[in-house]
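Inspection log for the structure reproduced underneath, given as C-alpha cells.
What follows draws every value from the coordinates through simple rules; no lab data is involved. Bear in mind that the values here come from a model prediction, so they are computed numbers and not experimental data. Quick reminder, even Gly has a Cβ in these numbers, built from the backbone with ideal geometry, and neighbours come from all protein chains shown.
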Amino acid sequence: MGKLLLLILLIAAAAAAWLWYSINYPYQGFGSEGVFVEVPHGSSSRSVARLLQRKGVVRSAVAFEVYARRHPRRSLQAGEYFFDRATSAHDVFWKLANGQIFEQPFTVREGETMFDIAHDLEAGKFMPASDFLRAAKDPTLIQDIVPKASTLEGFLFPATYHLSRHPSATALTADMVKKFKEEWSAVTSAASAGDKMTTSGAFTEATQSTPTPADPPTAANAVNNDASPSTRPVAAVVTLASLVERETPRPEERPLVAGVFENRLHKNMPLQCDPTVIYALEQQGRYNGTISIADLHIDSPYNSYTHTGLPPGPIGNPGQASLRAAYQPAHTNYLYFVANTQGGHFFSATLAEHNNNVIKYRHLLAGEQASNR
C-alpha cells in the first residue's frame, strides 16, 4: 500500500513538473518566418488550446487548457495573432486574454484623396483599392452632419490607423469618420471658447505690408484679423479646408489662405485654385503630374477657374490645422497669393501688387535677387 501511494505521488509530481515546464518554458514549433493564428469568436479554451498546439505555438494543448482553467475570469479574445519567436504558454495565454491582436500601422497623410488612400491600401496589401472606394462612396456615415454628401471625401480624417492583415473596408471608413467627428468637435469647441475672449487679448491688429520670404505673413500680421467662427454649413467648411490643405504646407499660413478664399467668395470671384483642377483631372483619369493652360478650361464643376463659388465637395481630406483655418479664416483684405520659393507665399490685396509678387517669384526661381517693390 505504501509503495502504491509513493508511486501515485511520484506520478503526480512528474505530471505537475511536466505541466509547469510546458507552461513556463518557451516553445516554437513553427518556422522562423513566424505563424499567424486566427482565434474565432466564441471559441472554448479547449479548442483554442488545440489550435495553438497544431500551429506549433504551445508545447501542450492539455497544459495550456489547464492554465486557462486556472483563470476562469479571463476569456481568450477573438482575433488574429502573430507569433515570431519562442514563447511560453503563460505568455501566450496572456497575449490572447489581453487581446493583443496583430496590427500594422497605416497612415493617411493630410490632403490625400480617397483615391490616394485606396491606392496606398492596395500597395500595402491590406485590401483591393476597389473595396475601399466602394465603402468610401457610401455617405451614410456622415448623413447626420452632411445630409447631401455623395461620398466620404473630406471626412476620412488623416491619422495613423492600426489595421489587421485583412481589415474590413467599412470598419476602416467608420474609424476614419469617427476620428473626423472627434477632431471637428475639438475645432468647434476651441473656436467657441476663443470667441468668448476679448479680441484684444487674442489677436493684434497691424497695418498691411508686403511680406517677403524671410518674413512670411501670419494671422498675427494680417489686416483686421479678429477671426470669428464660420457660419457656413459643415460641408462648405470642410470643402474650403480641403482647398487650404492643398495650397500651403505651413499651418501658420492656412488662416490667411482661407481668408483669401473667403474674400473671393464674397466678391463672387473665381477661386482659381490649381488643386481643384488637379482633382477634376484625376476624376477623369487625365492627370499626369502637371497642369497646362488648356487644363484650366477642363469641363468640370470642380474647376475653380471656370466656376465661381466652392467646388461641389472636398478635393481631399484635410487635417485639423486646415479645418481650424477654414472654420475661422483670418479677416484680411488679401485677394491673391503666389509662392515665394521657400514653402510659403506672398499675399496681396490688389492685382497690381499680385503681379509684382509674380515677377518677384520668377526672379527668385531664376536665382536672382527679388525686388522689394
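What length, rounded to one decimal in nm, is gained on full extension from residue 144 through to residue 11, with 0.36 nm per residue of separation minus their alpha-carbon distance? If you can, show how the numbers build up before the last one.
Numbers: separation 133, 0.36 × 133 = 47.88 nm, distance 6.72 nm.
Extending this stretch completely gives an extra 41.2 nm.
Output the peptides 300-313, 72-85, 256-269 sorted from most to least packed, where packing is the average of other Cβ atoms within 10 Å over each peptide's residues. Before the final figure, lay out each step's value.
Values: 300-313: 18.1, 72-85: 14.5, 256-269: 19.9.
Put in order of decreasing packing, that is 256-269, 300-313, 72-85.
Calculate, for residue 134 and residue 20, the FRET efficiency according to 1/(1 + (r/R0)^6) with r their C-beta to C-beta distance and R0 51 Å; round to the nearest 0.05.
Working: r = 52 Å, r/R0 = 1.02.
Efficiency computed from Cβ-Cβ geometry: 0.45.
I'd like to know which of 328, 129, 75 lies farthest towards the positive end of the charge dipole of the chain, counting +1 on Cβ of Lys and Arg and -1 on Cβ of Asp and Glu.
It is 75.
If you count, for each residue, the other Cβ atoms within 10 Å and average over each peptide, how do 338-351, 133-146, 29-42 line up from highest to lowest?
On the way: 338-351: 18.5, 133-146: 16.8, 29-42: 12.4.
Ranked by mean Cβ neighbours within 10 Å, highest first: 338-351, 133-146, 29-42.
Any idea what angle helix 114-123 forms with the longest principal axis of the chain, computed on alpha-carbon atoms, 0 to 90 degrees, nearest 10?
40 degrees
List the aspartates and glutamates whose alpha-carbon lies under 12 Å from that of residue 95, not counting same-chain residues fewer than 8 positions away?
Within the straight-line limit of under 12 Å, residue 95 reaches these aspartates and glutamates: 80.
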